[in-house]
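Quick note: the coordinates plus some simple rules give every number you see, no bench work behind them. What you see is a predicted model; the values in this text were computed from it and never measured. Neighbour counts are summed over all protein chains in view; Cβ atoms, including those assigned to glycine, are modelled from backbone coordinates with ideal geometry.
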Amino acid sequence: MATSSSASAQPLSNLEDWDDFLEGRYKEGKTESEFRQYDAEATPGVAEFYRLNHQYQTVDYVLAKERQYFGLTRGEKTIWEAAEYLNTLVDDSDPDTDLTQIEHLLQTSESIRRDGHPRWMVLTGFIHDLGKCLCLYGEPQWGVVGDTFPVGCAWSDQIVFPEYFADNPDRNISRYQTKYGLYEPNCGLENVHMSFGHDGYIAEVMKSYLPDEALYMLRFHSFYAWHRHGAYKYLENEKDKAMLSWVNKFNPYDLYSKGHAKPDMKALKPYYDDLFAEFLPEKLAW
Ligand SMILES: [Fe+2]
Ligand SMILES: [Fe+2]
C-alpha cells in the first residue's frame, strides 16, 4: 500500500483504473455519445485525472521531464528486476482478486505469443508498461499514464476530454497554438515532443535494442488520437504510416488481455529468460 499511486490526493485509486477506463471507452459497438457519457459521469476520478493531465502537460514540463529521464541515469536493472520493482506499486484494496503488475505483463505477452506473433512482439508485450515505474520515482499519475498527445502545436479535438486544455498555460502561447506549432509538415512523430509518460520513457530505455516496429508500439501505445482516431496525419512521415499498422496490431492486446487466468510464473520463466537474452543485454540503463 505504501506507494505513490495509492496516496489519497490522487484522483485514481490506482493506475489500473485508467486501463479499465480505456477498455470501457473502446468496447465494441459503443457510439461516440455513449463514450462521452461513460467518460464524464461514470468515471469522475478518471475525469479529474485527465483534467490535471491536460492542464499540466505543457511544452516546458515535457522538455524538463525529457531532460530528467531520457538520459537514463537512474541505475541499471535487468528486466526481471524492473518488473519486480514495478510490482511494489501494487496497491489495490482487494489484493486477493487482483493480479500483480508482473502477472498483467505476462497476460499481455502470453496473448501475443498464443496468436503466433514474432518473438520481439511477445517481448514488447511484456515490457510495454514497465515505464510505469515513473510513479515509484515520485511522478504523479497524470504524468505517468493517460492518453498521450503532441505538445507545442494545436491540440486535436480527438484527444479525450479536449475541453480540459482550457486550463493549460500553452493556450496563451500563440506559436504553440497553430496547426504545426513547433514542427514542420510531415516531420515525423519521432521528432514530435509527446506529453510525458510511461510510453516515451520505456521507448528510450529500449531504443538501442529493439526493431522500429517494437519501438513504435512502446512509444505510441497510448497515443489514441493518432492510432485510433486518425488525428495528426499532417505530422506523419512515411515511416509513421508504415508503422501505424503495427501499433494497431498491438493495441487489442493492451486493451483486452486482462482478466484471463493467472499466469504460471514459474513455468513461464525459462521462456522469458531466453527471450530477454535474445534481444537485450542482461542489465539495461533506466
Ligand atoms: Fe501502457
Ligand atoms: Fe498496458
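Amide H of Leu284 versus every other amide H placed in the peptide plane: which residues, excluding those fewer than 5 positions away on the same chain, fall under 5 Å?
Those lying under 5 Å, H to H, from Leu284 are Lys77, Thr78.
Classify the range 106-237 as rounded, prolate or oblate from the Cα gyration tensor: take a ≥ b ≥ c as the square roots of its eigenvalues, call it rounded if a/c is under 1.5, otherwise prolate when a/b beats b/c and oblate if not.
Cα axes put the range 106-237 in the prolate bin.
Percent of Cα-Cα pairs per 5 Å bin, from 0 to the last occupied bin, for the chain, please list those.
1, 5, 12, 17, 19, 19, 14, 8, 3, 1, 0, 0
Only Lys, Arg, Asp and Glu count, each charged at its Cβ (+1, +1, -1, -1), so figure out the dipole size of the range 46-188 about its Cα centre, rounded to 20 debye.
Charge dipole of the range 46-188: 720 debye, to the nearest 20.
Compute, for the chain, the length of the dipole vector about the Cα centre, with Cβ point charges of +1 (Lys, Arg) and -1 (Asp, Glu) only. Units Debye, rounded to 20.
Roughly 700 debye, rounded to the nearest 20.
Determine ³J(HN,Hα), in whole Hz, for all residues of the range 112-129 in sequence, where each value follows from phi through the Karplus function 6.51 cos²θ - 1.76 cosθ + 1.60 and θ = phi - 60°; x replaces Gly and Pro.
Those phi angles translate into 5, 5, 4, 7, x, 6, x, 4, 5, 6, 4, 4, 4, x, 5, 9, 4, 10 Hz.
Ranked from highest to lowest mean number of other Cβ atoms within 10 Å per residue, what is the order of the peptides 128-137, 244-253?
128-137, 244-253
Along the charge dipole of the range 4-285, which of Pro11, Cys187, Ile159 sits closest to the positive end, that is, farthest toward it, with unit charges on the beta carbon of Lys, Arg, Asp and Glu (+1, +1, -1, -1)?
Cys187
Please state the charge dipole magnitude for the range 227-272, taken about the Cα centre, from unit charges on C-beta atoms (+1 on K and R, -1 on D and E), reported in debye and rounded to the nearest 20.
200
In the chain, with Lys and Arg counted as +1 and Asp and Glu as -1 at Cβ, which of these residues, Tyr253, Ala47, Phe223, has the Cα nearest the positive end of the dipole, that is, farthest along it?
My answer, from the dipole projection, is Phe223.
Where a ≥ b ≥ c are the square roots of the eigenvalues of the C-alpha gyration tensor, would you call the range 217-286 rounded, which needs a/c under 1.5, or, failing that, prolate if a/b is larger than b/c, or oblate?
Because a/c hits 1.5 or more and a/b fails to exceed b/c, the range 217-286 counts as oblate.
Could you check which residue among Gly125, Gly45, Gly75 shows the biggest mean-square fluctuation in a GNM of the chain with a 10 Å Cα cutoff?
Gly75
Please turn the phi angles of the range 209-217 into ³J(HN,Hα) values with the Karplus equation 6.51 cos²θ - 1.76 cosθ + 1.60 (θ = phi - 60°), one per residue in order, whole Hz, x for glycine and proline.
Residue by residue, the range 209-217 yields 10, 10, x, 3, 4, 5, 5, 5, 4 Hz.
Mind sorting Cys187, Cys153 by how few other Cβ atoms lie within 10 Å of their own Cβ, fewest first?
Sorted ascending by nearby Cβ count, the order is Cys187, Cys153.
Can you find, among Thr58, Gln177, Pro263, the residue farthest towards the positive end of the dipole of the chain? Put +1 on the C-beta of Lys and Arg, -1 on that of Asp and Glu.
Gln177
Taking the Cα centroid of the range 209-286 and of the range 65-91, what is the distance between the two, rounded to the nearest whole Å?
After rounding, the separation between the Cα centres reads 17 Å.
Most exposed first by the Cβ proxy, i.e. fewest other Cβ within 10 Å, how do Asp199, Asp17 rank?
Asp17, Asp199
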